[in-house]
Each structure stands twice: as C-alpha cells, then as structure tokens.
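Asks: Pasting a structure below so you can have a look.
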Amino acid sequence: MPNYEHHIFVCLNDRDESASRPSCAHENSKKLRGALKDAVKDAGLKHRVRVNEAGCLDQCEHGPVMVVYPEAVWYGFVHPRDAEEIVLEHLVHGRPVERLRLPDSCVNTDHCPHRKK
C-alpha cells in the first residue's frame, strides 16, 4: 500500500472549563474529526488521506483547529459542516479553503489578535 498523500491532524485536547485557555474538545472537535473521516471516505480517499486525532496543537484560541500535511495548512474555527468543503476543495482539487485558513501571523506566535493577553 502506498504512503498517505495527506495527513489531517484534528486537535481533541480537553481542558477543564476553568483553564486559562480554551480547548478544542469544547468546540465539537470530536464531531469535526468524525465528519472529516466520513467526507474522506465519501470522496473515495480513504487509503490516500489519514484523519488523525491530536493533542494540543497550541492554537487554542482558534478552536477547533486542524492542520493538513504535507502542506502545513492550518485551519481554525472549523465546524463539522465545513468538513466536506475542506475535503473536496483542499484534498481533491488542491485549493485550501481560504475562509477557514489561519493567517501565518496567528500560527506559533504569542502575538495573534485572538490570543488573550
């Protein structure tokens, strides 16, 4: 079997409600992962795309968050209803879904406008 063409990592981190930062699990990330798996299967990509669960991806203020490799395209504020669009546009047609894409200025930085000071 050939290697996967894409890996999707979906944050399923679950923090206590009283934590200083939010967590993706409280934003329906488990449903998102399930919807992505269904959309990958429906698109006939089951053996070409792997949907993985991840712990904290440190993009908590953008949750639910996911990243698609090998392109390293980060998506934030993703809802289960967005799964089909991401699979068809990004994985089938090679066009990242810009409306859900996190700006580079928000990934791996303490200075993102979404992050509370």
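Asks: Taking the residues in region 16-28 that are in contact (Cβ under 8 Å) with a residue 24 or more places away in the chain and assigned to a helix (DSSP H, G or I) as candidates, determine which candidate is surrounded by the fewest Cβ atoms within 10 Å (Cβ to Cβ).
Replies: Step by step, filter region 16-28, then rank; the result is 26.
Asks: Taking region 56-99 only, how many residues are out of contact with any helix residue (DSSP H, G or I) (no Cβ under 9 Å at 6 or more places or on another chain), part of a helix (DSSP H, G or I) and among the hydrophobic types (A, V, I, L, M, F, W, C)?
Replies: The number of residues fulfilling the criteria is 1.
Asks: Right, something else. Inspect all residues belonging to region 38-46 and state whether any of them is under 20 Å from residue 5 (Cβ atoms), of a type outside the set (A, V, I, L, M), at pLDDT below 95 and out of contact with any Leu (no Cβ under 6 Å at 6 or more places or on another chain). Walk me through it before giving the result.
Replies: Taking region 38-46 first, the residues under 20 Å from residue 5 (Cβ atoms) are 38-46.
Adding the requirement that they be of a type outside the set (A, V, I, L, M) leaves 38, 41-42, 44, 46.
Then drop every residue that is not at pLDDT below 95, which leaves 46.
With out of contact with any Leu (no Cβ under 6 Å at 6 or more places or on another chain) added as a condition, the list becomes 46.
Within region 38-46, one or more residues are under 20 Å from residue 5 (Cβ atoms), of a type outside the set (A, V, I, L, M), at pLDDT below 95 and out of contact with any Leu (no Cβ under 6 Å at 6 or more places or on another chain).
Asks: Starting from region 29-55, keep only residues that are in a helix (DSSP H, G or I), then list their pairs with residues that are of a type in the set (Asp, Glu) whose Cβ atoms are within a distance under 7 Å, requiring at least 6 positions of separation or different chains.
Replies: 33/53; 39/84
Asks: Here is a follow-up. If you take the residues of region 100-116 that are in contact with a strand residue (DSSP E or B) (Cβ under 7 Å, 6 or more places away or on another chain) and in a loop (DSSP other than H, G, I, E, B), which of them is surrounded by the fewest Cβ atoms within 10 Å (Cβ to Cβ)?
Replies: If we filter region 100-116 for residues that are in contact with a strand residue (DSSP E or B) (Cβ under 7 Å, 6 or more places away or on another chain), which is where we start, we get 100-102, 107.
Keeping just the survivors that are in a loop (DSSP other than H, G, I, E, B) gives 100, 102, 107.
Values: 100: 20, 102: 20, 107: 18.
That would be 107.
Asks: Of all residues being of a type in the set (Gly, Ala, Ser) and within 20 Å of residue 94 (Cβ to Cβ) in region 59-83, which is surrounded by the most Cβ atoms within 10 Å (Cβ to Cβ)? Just the residue, please.
Replies: Initially, region 59-83 is screened for residues of a type in the set (Gly, Ala, Ser), giving 63, 72, 76, 83.
Retained after the next criterion (residues that are within 20 Å of residue 94 (Cβ to Cβ)): 72, 83.
On the way: 72: 8, 83: 25.
Among those residues, the one meeting the criterion is 83.
Asks: Return the total of residues in region 1-33 being among the acidic types (Asp, Glu) and closer than 20 Å to residue 44 by Cβ. Show your work before the answer.
Replies: Start the filter on region 1-33 by keeping residues that are among the acidic types (Asp, Glu), which leaves 5, 14, 16-17, 27.
Narrowing the set further to residues that are closer than 20 Å to residue 44 by Cβ leaves 5.
Residues meeting the conditions: 1.
Asks: Return the pair list, or none, for Cβ contacts closer than 8 Å from residues in region 78-99 that are free of Cβ contacts under 8 Å to residues at least 12 places away in the same chain to residues that are part of a loop (DSSP other than H, G, I, E, B), at least 6 apart or on different chains.
Replies: That search, which allows pairs on different chains as well, returns 89/95; 89/96; 89/97.
The values are calculated or read from the model by the stated rules, or taken from the named source; none is laboratory data. Please read all numbers here as calculations on a predicted model, not as lab measurements. Virtual Cβ from ideal backbone geometry, glycine too; neighbours counted across all protein chains shown.
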